Structures are given as C-alpha cells and as structure tokens.
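Undergrad: Handing you a structure now.
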Amino acid sequence: MRTLLQHACLLVAVLGLPGVARGADDDRGVELFRKWDRNSDGRLTRQELPATARRNFSRADRDRNGFISLSEHLAFLRRGRSRKPVTLPAGVRLVPDLDYVGDRNPRHRLDLLLPRNPVDSKPLPVIAFIHGGGWRGGDKSSGLQRISGLVATGRYVGVTIGYRLTGEATWPAQIHDCKAAIRWLKAHAEEYRFDPDRIAAFGSSAGGHLVAMLGVSGGVEDLEGRLGPHGEHDSRVAAVVDFFGPTDFLAMNDQPGRIDHNAARSAESRLVGGPIRKHVDRCRHASPLTYVDSGDVPFLIVHGDRDDVVIFPQSQLLQAALRKAAVPVALVTVKGGGHGVGGPAVEARVREFLEFHFYGRGSLPRDRVIARKAPRRRPR
C-alpha cells in the first residue's frame, strides 16, 4: 500500500499543488509514471521500466536509493528544457510548440518559423528540419539556427520537428511521428500561407536518415502510422536535403570508425529494438534503400569523406540507388570533413538546390567536391 507521503506526492503532481513545479509537458510525464508504476507504490524500479527506458535508470535515480520517485521522473523528462533561448534574425517570427498529434507528448511538437516580410503574396515553400542525435537525443530547437537564415530571406517558411526518441519508443515510431508532422503541415497550409506541394525535408545524421525515409516512402502504408487527426492528407514531401544520414545499418561497420554499430547498445540497435545482426528484417524495414523507386523526389546529399560516425559510403549507397532509379540526386562531398560538416560553401549548395527545385532558378545541381572549412586559428 502507498504511504500517506506517497499519496501526497502523487496528488501534488496530478492536481498541480505547490511542491512540484509543473507545466503542460508534465501531464504526459505523470501519465507515463502511473502507467509504468505497475504495483502503484509511488516508485519505479528498474524492472518496471520498459526495456528501452532501463538504460536511463541510473541517470534518473539521482539520490541512488534504488528507485525513481515521481519528482525524479519529471526532473529527468524536463532535462534540456531550460536551454538558452535561440536568437533569431529580425525578419523571422517564431510560433513554438505546436502539437501536431494532439496527445500532449512534448516530443509530438513542432516550431514554425515565419518570414515577417514574405517576397510575395503567394504561398511559400516549406523547409522542414528534423534533428539528429542518434535517435536517442537531440531536440527540435537545434534546427532553428540551421534554417532561420533561409526563412529571413522571405522566400521560405521553416519548421523544426520533434519526434519520439528510443528511450520512449522503437522503430517505426520515429517515421510515424515525422509523417504525422508533414500531414499536420498540409492541413494547416492555408492558415500559415505556405504551399503544401513544396515541402523540402532537411535533416542531419539521424535526422538525415528520417528525411531520406520521407523522400522514398511516399505511399508505403506501414510506414504512415495513424497518428494525428489529419489522415486525409498524405505525407509526401517534394525534395530532400540529407546531411550524412545512415542508410544501411548492416553496412555501418564496413570501414573502421569510432563506433561499433553492431553492438547491442549502439544507436542503430536501440532504434530497431535489439542487436542489428539479430534483427536483419527490422534493419531493412528502416533502410531508405529498401524503398527507392523512380517516383522518388530529388535529393541533395552532403557528407564528409572522413566521417567516423556515419561512414561516407552510407551516402554513396543511397546516391547509387537513386541514380539507378533515375531519381535526380547530387552528392556534395566535403573533402576531409568529419561528422557535422557545414560552412558557407555547403550552405550555398543547399540554397542552389532549393532555388532550382522550388523556384526554377539556376541549373540542375550536380555532384561537387568542396574543401573542408579550415579551423579558425587562435591568436598567439
């Protein structure tokens, strides 16, 4: 039986009484706590947690007493929410934390970036950014700086999309979330004055994998999911900008790198719910290569040839598959670049790609090799 103190702690959280600071995001946390607390004793043991969440037990159990209290549970879910606010260009307006599913899960939210001075009165194309973090970390806020400069030109609307991480759900939850977000965008296109037929999916690393999946899986029923109230809309995008995203988990160890991707606790293994070599079918289900066909949308792929986290051949595999299917694709190779390439030359290639496919300006992008941005020298 619960003690009076445990009853009081739970009432504090559920009713919003003083003692536990609580916002709208905590509602979902309380629901999860009550669901996982199978014996209703007001504490979570390691055994009560779902298998995908047990790796976080020691991090959440701050006082090291062998169980997670409600306050520890909520504190763990709140981590990272108090980050320093992102400074956006003056020409950009932020509409934050829009719930694209309607279930109050803080991961089912997106941020809209709207230009204050759009170039004309016609609906604008959309750049939908999906963050990286190995499917187990990261946050939608990391995309704000990445796309705000494009939005400030007045030529694009921007959106950054959150999705469930592997501590909460395994594949295909992540692509179901992203597709639900695209459907939400199409359902609200008129309200925010953007063009639902001109959405570019842009992502890096794990986000690169997810945008590649969006680009090749239009109409693949079992990847759609049933999240959100906008099932009348499809989840197709019009273009993909993929920064160093994984494409074939089973080939991630084909050349030496920093990570053993075959390990049971690798990011890829956690995504598919077990060691990738024991879940070959799940890996194929999560691979963009499985779905490539001639109806896919144009791709721009950017990758450093010295990447030791997601090896460079991962992008070459996707490029080859798209080219074989006669899908427009350009691979920008950053010579000497590691994991996380960027800089003015890379940004220029992204702008060229978007301008060509959404505004018909310039020429069809082609493969390019550019030099890695040199590190800034410290003054002596």
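Undergrad: Relative contact order, percent, of the chain when contacts are C-alpha pairs under 8 Å separated by at least 6 residues?
TA: Details: 752 pairs, mean separation 42.2, N = 380.
Worked out over the chain, it gives 11 percent.
Undergrad: Shape call for the stretch 164-298 from the C-alpha gyration tensor, a ≥ b ≥ c root eigenvalues: rounded (a/c under 1.5), prolate (a/b greater than b/c) or oblate?
TA: Details: a/c = 2.19, a/b = 1.80, b/c = 1.22.
It comes out prolate by the Cα gyration axes.
Undergrad: Let me ask another. For each of Met213, Met252, count neighbouring Cβ atoms within 10 Å of the residue's Cβ, then give the residues from fewest to most.
TA: Working: Met213 28, Met252 24.
By the 10 Å Cβ count, ascending: Met252, Met213.
Undergrad: I want to make sure I understand the PRE zone here: with the label point 7 angstrom from the Cα of Val119 toward its beta carbon, which residues in the stretch 325-348 have backbone N atoms less than 14 Å away?
TA: Residues passing the 14 Å test: none.
Undergrad: Counting only the backbone N, which residues of the stretch 230-261 are under 18 Å from the spot 7 Å out from the Cα of Arg277 toward its beta-carbon?
TA: Under 18 Å, as judged by backbone N against the label point of Arg277, lie 248-261 of the stretch 230-261.
Undergrad: Taking every DSSP beta bridge that has both residues in the chain, what percent is antiparallel when rounded to the nearest 5?
TA: Values: 11 of 41 bridges.
Taking every DSSP beta bridge with both residues in the chain, the antiparallel ones total about 25 percent.
Undergrad: Let me ask something else. Can you give the FRET efficiency to the nearest 0.05 for Ser58 and Gln145, using r as the Cβ-Cβ distance and R₀ = 56 Å?
TA: Values: r = 32 Å, r/R0 = 0.58.
The pair Ser58/Gln145 has a calculated efficiency of 0.95.
Undergrad: Of the listed peptides 191-198, 326-333, what is their order by residue-averaged count of other C-beta atoms within 10 Å, with the highest listed first? Intermediate values should be presented prior to the final figure.
TA: Numbers: 191-198: 16.5, 326-333: 19.9.
The peptides rank, most packed first, as 326-333, 191-198.
Undergrad: Here is a follow-up. My understanding is that a pair violates if its Cα-Cα distance is over 31 Å; which of Lys140/Lys335; Lys179/Lys335; Lys35/Lys186; Lys179/Lys324 do that in this structure?
TA: Numbers: Lys140/Lys335 28 Å; Lys179/Lys335 33 Å; Lys35/Lys186 33 Å; Lys179/Lys324 26 Å.
Distance filter (> 31 Å) returns Lys179/Lys335; Lys35/Lys186.
Undergrad: Right, something else. Just the C-alpha atoms of the chain: what Rg/Rh do they give, with Rh taken as the Kirkwood radius? Don't skip to the answer; put the middle values down first.
TA: Working: Rg = 21.7 Å, Rh = 21.9 Å.
My calculation of the ratio gives 0.99.
We did not get these values from a lab; they are worked out from the coordinates using the rules stated. For clarity, every value in this text was computed on a predicted model and none was experimentally measured. Neighbour counts are summed over all protein chains in view; Cβ atoms, including those assigned to glycine, are modelled from backbone coordinates with ideal geometry.
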